[in-house]
Amino acid sequence: RMSRHARQLRDQDINPCVAETDASRKCMDDNNYNKDMCAAYFLKYKNCRKFWHNIMMERRRNGVKPEMPTAEERKKMLESM
């Protein structure tokens, strides 16, 4: 059974970077935990976190709730870019 925190990390509406997390973890598994082999995946994850963190901070400043857009909202936002 997953802890509440672990469930939140897997929740697409809370964590916008689930796919990047999974890809990084898979890369590490596939490459015997050689971090050098997975640098591109780590960079994608880092960029994802930075991008959505900035969106969240902007929404917080503007009083928009929820601060993190839902998975569906994020999809529409990305399509409009």
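Couple of notes before you dig in:
- Taking the criterion of being under 15 Å from residue 19 (Cα atoms) and at pLDDT 95 or above, the residues of segment 51-80 that qualify are 51, 52.
- Here segment 2-53 is the region considered, the condition is being of a type in the set (A, V, I, L, M) and within 27 Å of residue 73 (Cβ to Cβ), and the residue that is nearest to the chain's Cα centre (by Cα) is 18.
The values are calculated or read from the model by the stated rules, or taken from the named source; none is laboratory data. From a predicted model like this one, the values you see are computed outputs, not experimental measurements. Please note: Cβ atoms are built from the backbone with ideal geometry, for glycine as well, and neighbour counts cover all protein chains shown.
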